[in-house]
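Here is the structure we will look at, set down as structure tokens.
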Amino acid sequence: MTDNLTPKPVHRVRGVDHAAFPTFDPNATVRFYRDVLKFPVVHSICAAGWGPEKHPDFIHFFFDIGGGDRLAFFYYFGWEPAGDQEAPGDAWARLPMDTPVFFKNSRHIALNVADEEDLLEYRKRLDESEWPVEMQVMHETIESIYTHDPNGYMLEITRQLRPVTPQEDLDAQLTIEALCDVAAGEHPSMDQLLNRKAELIVERATDWEQPQPKELV
Amino acid sequence: MSIRRIGLIVPSSNVTVETELPQLLGRAGNVFSFHSSRMRLHAVTPEELRAMNAQRERCVLELGDAGVDAVLYACLVAIMAMGPGHHRDAEFRIAEQLGTGGSEAKVLSSAGSLTRALTDIRASRVALVMPYLEPLARQVVAYLEAEGFVIPQWAALEVADNAAVGCIPGDRVMAAARSLDLTGVDALVLSCCVQMPSLDLIQQAEDEFGLPVLSAATAGAYSLLRALELPVDIPGAGSLLRADSPVTV
């Protein structure tokens, strides 16, 4: 029930219930997530295709990824992966052979840890396994480790080095508004985006002269 | 008129559910077909009941394949022996399994059906006749008490072998009912078990004792009709199943 004095906020979602991916190798998937990373198996469903579309019997199973969130997999009995298994990609899809790594790795999942000790703990667990860390990077705001799970999905484990500031949120909003504007036009480019963003800053600047919450000044 | 497919998950030694439910629903004014899947069970003991519950996933798959409109998990004590409120968990897991595969079947259990029927007729003080050994009977009493009912009187016939439960004669069931003090009782559950036969006794007992008489079977039929949004109007099996009968003077 919502009482009229405190209406619910517009933004109501509470994080990831689950993100789901197919697997053709449940054994390795369970070894990677349950045995190496120590993510508990928390749920499974055995079902078949009873809807309008025919599909094979399947198992839908879930790992706890903290915070009440879950990473889930589907295993379809007798279903074979499509495409050239040597091509870049993952269990869900294979991409053209010349697809660059940056594009393939752009689709990934990143899990959050609290601090350096926890990040290094996961690094240790991975490095002692069949799936060692492939890359460890530190930006100004985050430090991350990366590997690919047995299905070819890129997994990042990351910690924030400092909180994102309200100024950065505002800057992001302007950038994305500019992006949407230029992406709707012909041949979008970074130059166009930066020009459009500058226009937006000029348009909005008057509003920012108004009194602001302290952290925005 | 479309045929409504009813899926039944029953203990392997059960012969009563598939007898009484078709008899009841056959008088309900719609056409039903019945499709069973069985879980091995011989003795109604906590160990065998736990082993039986582990077979549920296979049964759900079999009934999902049959494209049923509703599934009734028809073993009341298997649910109740798992602890208070378990019918909600069991129904949820079956519904989740079916729903994940794209089935839109309604999901019920005998235990959930009984509590729903008792709630719908606004019974709060309820007497029970059960076939179970006393420890299991006490679990059934505690389960219904945890659901908010008061159980002032109950009788347990102490039959453990489930095949033997299916052969308990009606006069023994009625004798157990007559042994209870039904003063101040709102409803009598005459066969709080889907295997102990009692369908022929329900109307007779209701007439004799002057109070609503239900069984696991009549509560199951009632809840199936409600779940399928069909009228509840079955003659000769107690007032519960005449809930939607036209009122006659």
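Read-outs: derived from the displayed coordinates by stated rules, not from any lab. This is a predicted model, so every value here is computed, not measured. Cβ placement follows ideal geometry from the backbone for every residue including glycine, while neighbour counts extend to all protein chains displayed.
Just to verify a number: FRET efficiency for A:SER189 and A:GLU86, C-beta to C-beta distance, R0 = 41 Å, to 0.05?
Once rounded, the FRET efficiency stands at 0.75.
For a label point 7 Å from the Cα of A:PHE77 along Cα→C-beta, name the residues of segment B:53-77 whose backbone N is under 20 Å from it.
Label zone hits: B:53-68.
What's the exposure ranking of B:GLU229, B:GLU57, B:GLU134, going from fewest to most Cβ atoms within 10 Å?
Fewest to most other Cβ atoms nearby, the residues stand as B:GLU229, B:GLU134, B:GLU57.
Among B:THR183, B:THR119, A:THR147, rank each residue by its count of other Cβ atoms within 10 Å, from fewest to most, as a rough exposure measure.
With the fewest neighbours first, B:THR183, B:THR119, A:THR147 line up as B:THR183, B:THR119, A:THR147.
Given axes a ≥ b ≥ c from the Cα gyration tensor, I'd like to know whether segment A:6-65 is rounded (a/c under 1.5), prolate (a/b larger than b/c) or oblate.
Since a/c reaches 1.5 but b/c is at least a/b, the shape of segment A:6-65 is classed as oblate.
Which value, in debye to the nearest 20, describes the size of the charge dipole of the protein assembly as shown about its Cα centre when Lys and Arg Cβ atoms bear +1, Asp and Glu Cβ atoms bear -1, and nothing else is charged?
1600 debye
Efficiency by 1/(1 + (r/R0)^6): what FRET value for B:ASP89 and A:GLN167, r their Cβ-Cβ distance, R0 = 60 Å, to the nearest 0.05?
With R0 = 60 Å, the Cβ-Cβ based efficiency is 0.80.
Find out how many positive minus negative residues lie around A:ALA91, taking Lys and Arg as positive, Asp and Glu as negative, among other residues whose Cβ is under 12 Å from that of A:ALA91.
Charge balance in the 12 Å sphere: -3.
What residue among B:VAL140, B:VAL31, B:VAL213 shows peak mean-square fluctuation when chain B is described by a Gaussian network model with Cα springs under 10 Å?
B:VAL31
Can you tell me the Rg and the Dmax, both Å, for the Cα atoms in segment B:185-249?
That works out to 11.6, 36 Å for Rg and Dmax.
Cα centroid distance between segment B:1-76 and segment B:152-166, in Å?
Here the answer is 20 Å between Cα centres.
Hey, got a sec? Which trypsin sites (Lys or Arg not before Pro) in segment B:100-174 land in a DSSP loop and have at most 11 other Cβ atoms within 10 Å?
The qualifying sites are B:ARG122.
Regarding segment B:19-103, what's the average projected area of the Cα-atom convex hull, expressed in nm²?
One quarter of the hull surface, i.e. the mean projection, equals 6.2 nm².
Would you tell me the mean number of C-beta atoms belonging to other protein chains that fall within 10 Å of each C-beta in A:40-46, as a whole number?
3
Mind grabbing the base-10 log of I(q)/I(0) for segment A:166-205 at q = 0.15, 0.28, 0.33 Å⁻¹? Debye formula, identical points on the C-alpha positions, no solvent, two decimal places.
Result of the Debye calculation: -0.31, -0.91, -1.11.
Just add up the charged neighbours of A:TYR76: K/R +1, D/E -1, any other residue whose Cβ is under 15 Å from the Cβ of A:TYR76.
-3
Are there any GluC sites (Glu not before Pro) in segment A:92-164 that are in a DSSP loop and have at most 15 other Cβ atoms within 10 Å? List them by number.
Passing sites in segment A:92-164 are A:GLU128, A:GLU130, A:GLU134, A:GLU140.
Simple spin-label model, 7 Å along Cα-to-Cβ: A:GLU140 to A:THR99 in nm?
Distance between label points: 3.2 nm.
Let me have the 222 nm mean residue ellipticity of chain B computed from DSSP H runs of 4+ only, each contributing -39500 (n - 2.57), with the sum over all residues rounded to the nearest 500.
Computed mean residue ellipticity for chain B: -12500 deg cm²/dmol.
Around B:GLY112, under 10 Å between beta carbons, what's the net of Lys plus Arg minus Asp minus Glu among the other residues?
Surrounding charge for B:GLY112 is 0.
To one decimal place, what orientation-averaged projected area in nm² is obtained for the convex hull of the Cα set of chain B?
12.2 nm²
For chain B, calculate the relative contact order in percent as a whole number, restricting contacts to Cα pairs under 8 Å that are 6 or more residues apart.
Reported as a whole number, the value is 21 percent.
What FRET efficiency, computed as 1/(1 + (r/R0)^6) with R0 = 35 Å and r the Cβ-Cβ distance, is obtained for A:ILE109 and A:GLU203, rounded to the nearest 0.05?
So the FRET efficiency works out to roughly 0.45.
Per residue Cα convex hull volume for segment A:56-106, in cubic angstrom?
Residue-normalised Cα hull volume stands at 95 Å³.
Apply the a/c threshold of 1.5 to the C-alpha gyration tensor of segment A:129-213 and tell me whether it is rounded, prolate or oblate.
Here segment A:129-213 falls in the oblate category.
Compute the relative contact order of segment A:14-79 as a whole-number percentage, counting only Cα pairs closer than 8 Å that sit 6 or more residues apart in sequence.
Reported relative contact order: 39 percent.
Would you please report the Å³ per residue occupied by the convex hull of the alpha carbon atoms in segment A:3-140?
Dividing the Cα hull volume of segment A:3-140 by its residue count gives 215 Å³.
Label A:LYS54 and B:LEU230 with points 7 Å out from Cα along Cα→Cβ: what is the distance between them in nm?
Label at A:LYS54, label at B:LEU230, 3.0 nm between them.
To the nearest 10 degrees, how steeply does helix A:166-183 sit against the main Cα axis of chain A, on a 0 to 90 scale?
80 degrees
Please list, by residue number, every one of the trypsin sites (Lys or Arg not before Pro) in segment A:40-99 that is coil in DSSP and has at most 13 other beta-carbon atoms within 10 Å.
Loop-located and lightly packed - A:LYS54.
Residues of segment A:82-111 with the amide nitrogen closer than 16 Å to a label point 7 Å from the Cα of A:LEU179, along Cα-to-Cβ, please.
A:103, A:106-108
Mind running the shape call on segment B:106-249? Use the C-alpha gyration tensor, a ≥ b ≥ c as the square roots of the eigenvalues: rounded below 1.5 for a/c, prolate if a/b tops b/c, oblate otherwise.
rounded
How big is D, in µm² s⁻¹, for the protein assembly as shown by Stokes-Einstein at 4 °C and 1.567 mPa s if Rh is the Kirkwood radius over C-alpha pairs?
In µm²/s, the coefficient is 48.
Quick check: residue separation of A:ALA28 and A:HIS148 times 0.36 nm, minus the Cα distance between them. What number comes out in nm?
Using 0.36 nm per residue and subtracting the Cα-Cα distance, I get 42.0 nm.
Where does each of B:SER2, B:SER12, A:SER189 land when they are ranked from fewest to most other beta-carbon atoms within 10 angstrom?
Ascending Cβ contact count within 10 Å gives the list B:SER2, A:SER189, B:SER12.
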